[in-house]
Amino acid sequence: MANDHFLLLIELMAAVTAVAIVARRLQVPYGTALVVAGLVLGVWQVVPQVELQSEVVLGLFLPILLFEAAINTDATHLREDLLPVGLLSTAGFLSMAGVTGVVIHALLNFSWPVALLMGVMFSITDTAAVLAVFRTLKVPTRLATLMEGESLFNDGTALVLFRVVLAVVVTGVFHPAGTLVEIVVVSAGGVVVGGLLGLLASWVMREAPDHLAEISLSVLLAIGTYYLAERMHVSGVIAVVIAGLVVGNYGWKRALAPTSQIAMGSFWEYAAFGVNSLVFLLVGLNIRPDALIAQAGPILACIVAIVAGRAVAIYGGFPILHRLGARPVPVSWQHVMLWGNMKGSLTMVLALSLPTSIPERGMILTVTFGVVLISLVAQGLSLGPAIRLMRIAGVSGLQRCFEEQQLALIRARAAQAEIAGLADAGILSKSAYERLRARYQVTIARAERELRRLGTENQAHMDVALTSIRKRVLQVEKAAVIGAIREGLVSQEIGEESLEEIDKGLVETEHAAPADPDGGLVPDVGAWSTEAARAEQLRREG
């Protein structure tokens, strides 16, 4: 039995690795590719069906994903948009769940409690796949912060509300006053528990002997906070998010040495990657195409309800937020937040956790699986092209100028190096070598002159470019020091001191890039149209 489990784990990890490589080559969203791969593997029975256990996902996978997202959330950016994030994840979530439930009740004739329960499940936003698309397209940081912040906190709101509505479905009893008090107590309790444990962990990290102990402490904090909060009958999800925010913005940056910061960041990056990969793959393995086809009508009705609920929350919420003093959000961003409302593992897990005493449980499971599949495939594949179509992200005119001149310089230098090698080998005569080298030298001189001009006129962009180069050079230095230590050329003590100094520089480069007013690193496309025109002129001259 144990060997079968190990073999299954090996098969799943092999599938995850293969899908990761193929998805990168095809430029397909990773989550979407994994769900489709899981569906194919399940249909062909290449991998045995593995049931998605709600206890494992809620008690282990969810805390890891929430903690990793929280420690990497910049509190400064979150604080600047705290009002929209806070209202979208509370009042916005309630309105979204309510409208979705009303539409489901009208279209499918479910009872009010069951329809509202489905409205809660379908209002959860899984931003893992969305943020992966954002990173490849260089979407403005503020837009990513809004979506990630909303997702972080609406998970907590969703689980609290789900339990309340589920109790009404099972018992048939609803006490408005008591329910409101319970929601407030459970949510506030989660904030208090998470904040206290985050502060305690940050203090202990300062006293920890090395980065391995610090990483172990962070794992204990992520999982232990959830269980302790649940034992105290407060929101474990909210507690984990708050603990992660405290550690990520206070303990991590102030208590840890640069080497420890890099080690912990790498560990949690891989932990989130592994958990997300397994969850998306298991989602695909648990979907049965024949059942989806039989329930195609209810699935499409639920998708209509989800879009309607999200549209009310987004298009109705942001005008109100603007009147309350929040920074305006472009309409194109609101379109992305509507279409980026993708469903994932948490929605499926909540459906799986429904008690068997609910008569509609089987239909709810099938409809939920269908909604998740269509969401991850249809929205996952179309979100990137939609963002490009609305010109929210992309390479600006200034950045294009820099990159075109850099590529011209790289190509010319490489060609000169090859020509020199041919001349040294006797394949090229001296006159031919000098003639070819002079031709490329003209390109090099023009590119260097244009890069100097762009750097002088646009110091902010040059700072970003230099920061990127400095990071690459520091990584080369680190590899050289590690090699010297392994070969015994320097002592372990001296080598570790040098590595700590390099890691300090790497940490500085992570926070050195200036941001634009909208929170992104890429300037507005229209602002640099003159630079694009100059680049075009240079191409014609060349």
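The values are calculated or read from the model by the stated rules, or taken from the named source; none is laboratory data. Computed from a predicted structure; not experimentally measured. For neighbour counting, all protein chains shown are included, and Cβ atoms are generated from backbone atoms with ideal geometry for every residue, glycine included. In case anyone asks, the SASA skips ligands and DNA or RNA and just uses the protein heavy atoms, side chains included. Shrake-Rupley method; radii C 1.70, N 1.55, O 1.52, S 1.80 Å.
Can you tell me the orientation of helix 397-424 relative to the chain, as the angle in degrees between its alpha-carbon axis and the longest Cα principal axis, to the nearest 10?
Roughly 50 degrees, rounded to the nearest 10.
Is the C-alpha gyration tensor of region 26-150 telling us rounded, prolate or oblate? Criteria: a/c under 1.5 is rounded; beyond that, a/b larger than b/c is prolate, otherwise oblate.
Taking the square roots of the gyration eigenvalues as a ≥ b ≥ c, region 26-150 is oblate.
What's the angle, to the nearest 10 degrees (0 to 90), between helix 176-207's Cα axis and the longest principal axis of the chain?
Rounded to the nearest ten degrees, it is 40.
Given a Förster radius of 30 Å and the C-beta distance between Trp203 and His175 as r, what FRET efficiency does 1/(1 + (r/R0)^6) yield to the nearest 0.05?
According to the calculation, E is roughly 0.15.
Using a Förster distance of 51 Å, how high is the FRET efficiency between Gln45 and Lys138, based on the Cβ-Cβ distance and rounded to 0.05?
That pair, Gln45 with Lys138, gives E of 0.80.
Listed highest first by mean packing, meaning other Cβ atoms within 10 Å per residue, what order do 411-417, 304-310, 356-362, 28-34 come in?
So the order, starting with the most tightly packed, is 28-34, 304-310, 411-417, 356-362.
In whole Å, what is the distance between the alpha-carbon centres of region 224-245 and region 300-345?
Between the Cα centres of region 224-245 and region 300-345 lies a distance of 28 Å.
Kindly sort His233, His335, His322 by accessible area of their heavy atoms, largest first, with the probe set to 1.4 Å.
Listed by decreasing accessible area, they come as His233, His322, His335.
Going by average Cβ density within 10 Å per residue, which order do the peptides 449-456, 289-296 take, highest to lowest?
Sorting 449-456, 289-296 by mean packing, highest first, produces 449-456, 289-296.
Kindly provide the helix-only [θ] at 222 nm of the chain, computed as the sum of -39,500 (n - 2.57) over DSSP H runs of four or more divided by all residues, to the nearest 500 deg cm²/dmol?
Estimated from H runs of four or more residues: -26000 deg cm²/dmol.
Tally Lys and Arg at +1 and Asp and Glu at -1 over the other residues with C-beta under 9 Å from the C-beta of Ser260: what net charge comes out?
Net of charged neighbours comes to -3.
Simple spin-label model, 7 Å along Cα-to-Cβ: Ala415 to Val490 in nm?
For the pair Ala415/Val490, the computed spacing is 4.0 nm.
Against the longest alpha carbon principal axis of the chain, how many degrees, from 0 to 90 and to the nearest 10, is the axis of helix 492-510 turned?
With both axes taken from Cα atoms, the answer is about 80 degrees.
Roughly how many nanometres apart are two label points built 7 Å out from the Cα toward the Cβ at Met13 and Ala188?
A separation of 4.6 nm, rounded to one decimal place.
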